Structure formats: C-alpha cells, structure tokens
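Scroll down for the structure; my scribbles are underneath it.
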Amino acid sequence: MADFDTPELKDFLETPALCPGSMEHSKPFVAAPVHQEALGFPGELVENWQEKAIDRMGELLDTNRALRVYLDSCVKCGACTDKCHYFLGTGDPKNMPVARQDLFRKVYRRNFTTAGKYVPWLVGAEDLTEETLDDWYSYFHQCSQCRRCSVYCPYGIDTAEISMAARDIMDHIGIGQKYSNEIIGKLHKIGNNLGLPEPALANTLEGLEEDIEEETGIAVKLPLDVQGAEILLVTPSADFFAEPHVDGLIGYAKVFHAAGASWTISSYASEAANFAMFIGSQEQMREVAQRIWQAARDLGVKRIILGECGHAWRVAYSFWDTLVGPFDFLDPAYPMPMHICEYTDDLINREKLRLNKAANDEMTLTFHDSCNVARATSMGGRPGGQFEIPRAVIKAVCNNFHDMADDTIHEATFCCGGGGGLLTDDLTELRVKGAKPRMQALNAVVEDHGVTHMAAICAICKSQFSKVMPYYGLEMDAIVSLHQLVSNAIVLEGSIQEEELDGTGEDDEAGESLEAEDEVAAIDG
Amino acid sequence: MAYEINGETFDADEEGYITDIGSWNEGLADLIALDEKIEMTEEHWEVVNFLREYYDEYQIAPAVRVLTKAIGKKFGKEKGNNKYLYSLFPYGPAKQACKIAGLPKPTGCI
C-alpha cells in the first residue's frame, strides 16, 4: 500500500520512543509561481529571503500581540510534549509542540530580544539559516493547527498561531505550499476549492434532487441562487463532490424541506472552507470570507447557516464579524452565524421533525469531535454546546451510540491527522501516522462496544478518515456525515418512508391500525 | 516529471497529472495507467471516456455520485457503485481515473 509502516494499534496509547529526524523528509509540494503570484506572494524564493523573513516576522509581532506572548512565555515545562498526534504517531521529537515552536522561537529570540542579540548562545537564539528554513517547511507542515497542545499548556500557548505565522512568512519569501495556495487561487477564480463552475454545480444539485425523489418519492429541492430566499446555506464544496459528504448535504436538504424553509445555495460563494486560515494570511482570509458576505447581501437572505465544515465554523464563529462584518442586513432574531447542527437540533427540540431511529439500527455510532469546532467555537450559545448539540442530534436519530474514551473527545479530541492544510496525497505518510491516536481510540470502542461507524461534522475529517481507515484495517465507509444519519432517519410527509411506517395513510388512524396489525402478526407468529 | 512516447514528451506535474490537457491521447492514457500499475481494460475505458465527456461539458471532473450514477445507467446497475470503481482504480476513482484521463486533479477537502 505504501513505502512506510502503518503504526500498530495497542491496548493503550504509548508515548513513543524518540526517533530523531524520522520525519524530516516529509515535505509537501512547493507552490508553483503561478499559484503564489495569484495570491500576491513572490513566485519563488526571493534573493534576500533572510532579511525579508525577519521583516515579515517583525510585522507579525507588531500586529499579533498573542504571537509575541506565546514566544515569550514558554517555560519548557514539557506538558505539551506528548499531546500532539503527529508526535505520538511518528516519535520525531521535532513534532513535540514545544520543539516545533522553538524552530520559530530561536529565530525570534535572535532578532527581537536583547539577550538573543548579544548572548545568543545563552538563550538558544539562532539565525534563520537555510537549514532552519528547511526545518520550518517540513515541521510547520506537520502541524494541523488542531490546538490540542494548547489545552494542556499552563500558559495556553497556541502552536497553531506560531505555525500559521511561519507559513505566512514562508509565503512572503516565495515558498508556499502547493495544496493550500492552489486551492485559494481556485476559490478566488471560481468560488470554491474544487473549482466547480456554476453549470457543474447546478447539474450536480439536479442529480441529487433526482436521487432524493427516487428514494423518498418527494421532490426535495436543492435550490441554487434563489434571490430573496430566507436562508443562505454555505457548505464545503466537498459536500457537492465526495462521499460520504454528499449524503450529509442530502440530509440538510431534507431537514430544510421538512421545516418548510426557504433556502438557497450560492454559486458565487459555493464554499464554506477558508484555507487562508491555514496559511495564516489575514488578507486572504478576509478576501475569502468577503464572498460569503457579498453573496448573502446580493441574494437578500435573512440568515446564514453553515454546513458540516470544521475550520469554516471557526472562521465564521470567531472571525467573520471582525473580518468582513457587520452583517447588519441579516435578521437579528437568529444567531449569526448558525451551524446546521444547531438548526436541526432546534427543530428536533420543537418536535418539528419526524424521526425513525430504527433506520440507523444497522449501525452503532461514535462521534469524532473535529478540532476547530471543539477547541475554537461553541454552539447553542452555551459553553460545551459544540460537544452536546451534535451528540444530541445523533442520539435523536440513532438508537446505538457510544462515546470514545474521555481523554480523546470534547476539548481533548485528537485531530483526524489531515487538518490545517495537510489533506494532500504528498503527505500520506504523515496523515496515516498522525491518525494513530484517533484510530486507537476508535478501535477500542469498536472492540469493546461493537461500534461500526464514526460520524463527523468536518469535510476534512471525513475525507481523511475514508483514506486512512483502510490502513488500520477499517472499512473506508465506516466514516459517515452526521446529517447522513439524519437523512436516513427523517420521515418526510407523504414519503415512501412514511407510507412504510404508517401504511397507505388512507385513514387518519393509520398508525394505530398498523400497531394493531403488528400485534396480530406477533400473536400469529 | 514527464511522460515520453516515441520520442514525444508530455509534461506533467509532481504527481503525474499532465499539464496540457489538450495533448492527451489514448496511448498516453495507457502509459499513465502503467505508471499507476493499472492495466487498461474495456471497463477502465468506460470510466475514462465518461470522465472526458463530462469534463468537455463542465470543465471539471464529475462528483463521485454523478460518476457512479452515470456508469450504472450506461453500463449496468452492478457497475453503478463506489466499490466497483475502487476495484478498477484502487487509489480512488476521482483522482486516479482523472490522472489517466488527462484531467486536472480535483482539489479541496476530498
């Protein structure tokens, strides 16, 4: 399958023996000049790159107070060392969060602290050499910016911020990452990460409408560019393209249909994801988010709902307002933004959806908390809502559910191994190894509680798991979309599913008469 | 990287996707497939040809579901599923079949 060994899953998660340098070969493809220049970055490594890099570091330190605090406050206590999934999966000591930070910190100290300028050997300060830059490119692309280490750091140092800053500096001297930068360019040009043009999107949505009608007998719509719709759904473009994502999209459509909602997708802003966060570029992040603001305003919607996308929810929840707000043209009666899980949960609580849990009986579920949702946002306007609401929805549509171990869920959740702009084939080894802690926790509930499927609310997590699960002996379709489960359980009015449950529906007491028939059948049987 | 057939060179990116979509031909497809350790059969060609037709119309590869549905409709229901496509293209129908069909790699959270 590959030229590396898949880590072995044991009974419990071990801190690995150190393997220095074992992952220094891991480097994603470098962005081509055309991908770089489309984002306003130099096409290739600039001549005076050291000087430029330090200049850019200075700009970031001036504009991002948190970055300087993170660089200054580490006391080398070691609490973070065994918290990173990439360290746990690879054993490479430079994947310890503190060591990753130090690749940046040593250059910061040399150039921006008095001690580092005069007595560098005393404070671990070093110049930005070619070798260090090489380490930066390798190891800052072995951080999925999941922020698990920051949960355990007594100072709350966020390695993600440091890794974003390092990537931003590298972009500014001409060595960007192909995967992220090519995608951001595509979004600017076409409106989504896939590069799915409007006619293809329309064709795909029509196809899904046909599928739903075939399955339910109901003409559920997936409206595109409907002027004056009440809700704008912004979802990752993977929802239009990949499996099991598309089953989640079908779920959203059925929920909107059941609620009688007026909603639309926008072809101009047909992407929830914002890869600019991964490369740490405020300017790019603003430009990407601006499309959604513009589409919402142009379509005249009253509210915006986000589909299942982890970092999109973080960007929307934490940054939209300051990046591209105000969204004062939306109806203030609704949360802005709103997550599709909040929307569905609310309908369930108000008993607006008819749900047949038995439709998911062939599965026993667990739930993977996606890192950006878990550690950077909330839901339902209450602390911990981001953990409770997705689980509440799953439990409302499934009979069988088991959580994974406590130290691997909620804010302690392990990254899928493919977040932060690392979901690319050139990093397959890293992705497989980095998935080990999550696979270990999943495997435990598979063995002890008969779990068959894991649900997620992030496009990256879903794609990553369907790719890496086979390496660990699990089926690729053991990962499901949360709204796929909703889709299975929801009973639409007048649907084939309703008829199957209630009989033909010719008289009002159909439900009761079916129960009576069941009893007769039971006695006969 | 690049592919070479009878002295003619076809440029490709780091992952083996050809850079000039217009330069694709069936011989090149066979060569790319060989590189992917795939021997092209009639079934493989059914998928590759569909991908190219769809790309001609929409300038993008079809979504996985669009592909499975179309293949199922055209060539029989037993072929209209993901498992069948993975059996032909073990590295994933979207990416591997696109490479052989000379189309750009689909990108994003997929």
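The values are calculated or read from the model by the stated rules, or taken from the named source; none is laboratory data. All figures in this text were calculated on a predicted structure; none of them were measured in a lab. For neighbour counting, all protein chains shown are included, and Cβ atoms are generated from backbone atoms with ideal geometry for every residue, glycine included.
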key: From the options A:GLU14, A:GLU37, A:GLU8, A:GLU47, residue that is assigned to a loop (DSSP other than H, G, I, E, B), closer than 24 Å to A:ASP426 by Cα and acidic (Asp, Glu)   = A:GLU8
key: From A:GLU271, A:GLU210, A:GLU230, A:GLU215, residue being surrounded by fewer than 22 Cβ atoms within 10 Å (Cβ to Cβ), at pLDDT 95 or above and either under 19 Å from the mean Cα position of the chain (by Cα) or facing chain B (nearest Cβ under 10 Å) (or both)   = A:GLU210
Residue in region A:292-319 that is nearest to the chain's Cα centre (by Cα), counting only those that are more than 22 Å from A:GLY248 (Cβ to Cβ) and not polar (S, T, N, Q) = A:PHE319
note = By residue number, the members of region B:62-102 that are in a loop (DSSP other than H, G, I, E, B), closer than 20 Å to A:GLN464 by Cβ and hydrophobic (A, V, I, L, M, F, W, C) are B:ALA63, B:PHE89
note = Checked region B:34-66 for anything over 28 Å from A:PRO244 (Cβ atoms) and within 14 Å of chain A (Cβ to nearest Cβ); matches are B:ASP56
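Residue-by-condition table, conditions (1) under 15 Å from the mean Cα position of the chain (by Cα); (2) surrounded by fewer than 19 Cβ atoms within 10 Å (Cβ to Cβ); (3) at pLDDT 95 or above:
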{"position": "B:ASN6", "(1), (2), (3)": "no, yes, no"}
{"position": "B:GLU15", "(1), (2), (3)": "yes, yes, no"}
{"position": "B:ALA63", "(1), (2), (3)": "yes, no, no"}
{"position": "B:LEU67", "(1), (2), (3)": "yes, no, no"}
inquiry  = I'd like the residue in region B:61-94 that is of a type in the set (Lys, Arg) and touching a residue at least 24 places away in the same chain (Cβ under 8 Å) and, out of all such residues, is farthest from B:THR107 (Cα to Cα).
reply    = B:LYS74
inquiry  = Take the residues in region A:406-448 that are among the basic types (Lys, Arg) and touching a Pro at 6+ places or on another chain (Cβ under 8 Å); name whichever of them is nearest to A:TYR472 (Cα to Cα).
reply    = A:LYS436
note = Counting only residues in region B:80-110 that are of a type in the set (Val, Ile, Thr) and facing chain A (nearest Cβ under 10 Å), the one surrounded by the most Cβ atoms within 10 Å (Cβ to Cβ) is identified as B:ILE110
Subset of region A:151-166 (residues that are surrounded by 20 or more Cβ atoms within 10 Å (Cβ to Cβ) and touching a Ser or Thr at 6+ places or on another chain (Cβ under 8 Å)) = A:ILE157, A:ASP158, A:THR159, A:ALA160
ask   = Does region A:415-431 contain any residue that is touching a Lys or Arg at 6+ places or on another chain (Cβ under 6 Å), crowded, with 24+ Cβ neighbours inside 10 Å and farther than 15 Å from A:HIS245 by Cβ?
value = yes
Single residue of A:THR216, A:THR264 found to be of a type in the set (Ser, Thr, Tyr), in the same structural domain as A:ASN203 (by TED's automatic domain parsing) and more than 20 Å from A:LYS352 (Cβ to Cβ) = A:THR264
ask   = Is it the case that A:VAL69 is loosely packed, with under 12 Cβ neighbours inside 10 Å, over 26 Å from the mean Cα position of the chain (by Cα) and modelled with pLDDT of 95 or more?
value = no
key: Number of the condition not met by A:GLY174 [criteria: (1) more than 30 Å from A:ARG68 (Cα to Cα); (2) more than 13 Å from every other protein chain (Cβ to nearest Cβ); (3) in contact with a Pro (Cβ under 9 Å, 6 or more places away or on another chain)]   = (1)
note = Residue hits (region B:10-33; touching a Leu at 6+ places or on another chain (Cβ under 9 Å), in contact (Cβ under 8 Å) with a residue 40 or more places away in the chain and either charged (D, E, K, R) or away from chain A (no Cβ under 14 Å) (or both)) are B:ILE18, B:TRP24
Residue in region A:83-98 that is loosely packed, with under 13 Cβ neighbours inside 10 Å and either under 14 Å from A:SER163 (Cα atoms) or of a type in the set (A, V, I, L, M, F, W, C) (or both) present = no
